[in-house]
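> Sharing a structure here in structure tokens format.
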Amino acid sequence: MSFHALKPAQLRLIHEVALHGQLQLAAESLAMTQPAASRMLAEAERQIGAPLFIRQPKGMEPTEIGTTVLRRARVILREMASIEADVRALRGGYAGTVRVGAVTGPAISYLVSAIRRIKEESPGADITVDVMPSRDLLLHLAAGEMDFVLGRILPEFDSDSFNILPMADEKVALMARADHPLARARLVTLTELVGQQWIMQQRGAPIREATLAAFAGVGLSEPDNIVNSPSLLLTIAYLAQSNAITPVSREVAELLIQPPVGAGFTILPTPRPIRVSPYFLLDLKRRPLSPLAKRLRDAVAQMSRSPIRNAAAL
């Protein structure tokens, strides 16, 4: 006996014979001729060392050994079908694992929508998102620990190693409590703001540097009443309990202000917009994306009208 040598085609034939009760019908269901099916069944019985079916006038009935083999064959065939389905899903980008990262603004404005679209079609897709500064994002991407990121290109990284899609620049909103003393003003000048309480990201963070540059641009020194924190959650809590102001991406401010969140904050209107340098959709040229990662990346890319290109084209 050599059970290990039974082939998937033999298992399918055994299943179809038991299902239809006739070798001719089983052969037709498998697109085989009856003589070929008969030879295949005979070979399976030879390998097992016992008849699998009793040939009766009304059809073929499994023997006791045939019933046992059939039960196991059905389990194996189900598992094989599951393997095929899993492989098809992975190849089609409907299953698998993907890890991506972004700075805060595009995480809200691009990734949330793209991930929702992918999860509607592929609820079993395992997607991880990290929100962190561009330097950390690029370190993870360069190490192959992320599939793609939405961040800024920094000079210490070899931009020629990335596929690059320009996305947008990030607008800064100055956010405060809805009942802040300046909240009802039609326009708030930087001169009025410089003496206020502030809570800001750490030095070097693009949004903080853009805000401080706006003060310098009109000849003002930077505010001296500042709490430093990279935590958005702590910032929100601090704003809710004080008259502090914080610079955040416009996407974050609108998320907190508009329904359904409606967290009791407002954006202070300033004479000139404050903008941060553009961010990009980046992935490694040397590391092909999995089908799922490519589907998610393409969903993000569809939100930009710019073509994907390498750094030399910028």
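The values are calculated or read from the model by the stated rules, or taken from the named source; none is laboratory data. Everything quoted here is computed from the prediction, not taken from an experiment. Note that we place each Cβ from the backbone using ideal geometry, even for glycine, and neighbour counts take in every protein chain shown. Keep in mind that these areas ignore ligands, DNA and RNA; they rest on the heavy atoms of the full protein, side chains included. Shrake-Rupley method; radii C 1.70, N 1.55, O 1.52, S 1.80 Å.
> Of the DSSP beta bridges with both residues in the chain, give the percent that are antiparallel, rounding to the nearest 5.
65 percent
> Cα centroids of the range 139-208 and the range 51-110: how far apart, whole angstrom?
47 Å
> Which of the trypsin sites (Lys or Arg not before Pro) across the range 121-189 are loop residues per DSSP, with 11 or fewer other Cβ within 10 Å?
Of the trypsin sites (Lys or Arg not before Pro), the ones in loops of the range 121-189 whose Cβ has at most 11 other Cβ atoms within 10 Å are Arg184, Arg186.
> Cut-off 10 angstrom, C-alpha nodes, Gaussian network model of the chain. Which of Thr97, Thr246, Thr191 fluctuates the most?
In this elastic network of the chain, the residue with the biggest mean-square fluctuation among Thr97, Thr246, Thr191 is Thr191.
> Let me ask you something else. Taking a ≥ b ≥ c as the square roots of the eigenvalues of the Cα gyration tensor of the range 75-190, is the shape rounded (a/c under 1.5), prolate (a/b larger than b/c) or oblate?
In terms of gyration-tensor shape, oblate.
> Now a separate question. Which value, in Å², gives the accessible area per residue of the range 162-314 when a 1.4 Å probe is used on the protein heavy atoms?
Accessible surface, normalised per residue, equals 51 Å².
> Further question on the same structure: Could you please state how large a percent of the accessible area of the chain is carbon and sulfur, counting protein chains only and using a 1.4 Å probe?
Within the chain, the accessible surface is 55 percent carbon and sulfur.
> Under a Cβ-Cβ cut-off of 11 Å, what is the net charge of the residues other than Arg250 that fall near it, where Lys and Arg count +1 and Asp and Glu count -1?
After counting each charged neighbour, the total is -2.
> Relative contact order for the range 1-55 using alpha-carbon pairs under 8 Å, separation at least 6, rounded to a whole percent?
It rounds to 41 percent for the range 1-55.
> Something else about it: Taking R0 as 35 Å, what FRET efficiency do you get between Arg203 and Met303 from their Cβ-Cβ distance, rounded to the nearest 0.05?
So, using R0 = 35 Å, E works out to roughly 0.65.
> A further question on this structure: What FRET efficiency comes out for the pair Ile65/Leu25, r = Cβ-Cβ distance, R0 = 22 Å, nearest 0.05?
0.50
> If you don't mind, another one. For the chain, build the charge dipole from Cβ charges (+1 Lys, Arg; -1 Asp, Glu) around the Cα centre, then report which of Met167, Leu138, Pro223 sits farthest towards its positive end.
Met167
> Compute the relative contact order of the chain as a whole-number percentage, counting only Cα pairs closer than 8 Å that sit 6 or more residues apart in sequence.
Numbers: 489 pairs, mean separation 69.9, N = 314.
In percent, rounded to a whole number, it is 22.
> If you take the square roots of the eigenvalues of the alpha-carbon gyration tensor of the range 227-299 and sort them as a ≥ b ≥ c, do you get rounded (a/c under 1.5), prolate (a/b over b/c) or oblate?
prolate
> Straight-line reach from Lys285: which lysines fall under 19 Å, measuring Cα to Cα and dropping same-chain residues less than 8 apart?
Leaving aside lysines fewer than 8 places away in the same chain, those within reach of Lys285 are Lys294.
> Which far-off residues, 5 or more places away or on another chain, put their amide H under 5 Å from the one on Phe162, with H placed in the peptide plane?
Answer set, sorted by chain and number: Lys285, Ala311.
> Next question, about the same structure. Can you tell me the FRET efficiency between Ile267 and Ser231 if r is taken as the Cβ-Cβ distance and R0 is 30 Å, rounded to the nearest 0.05?
0.90
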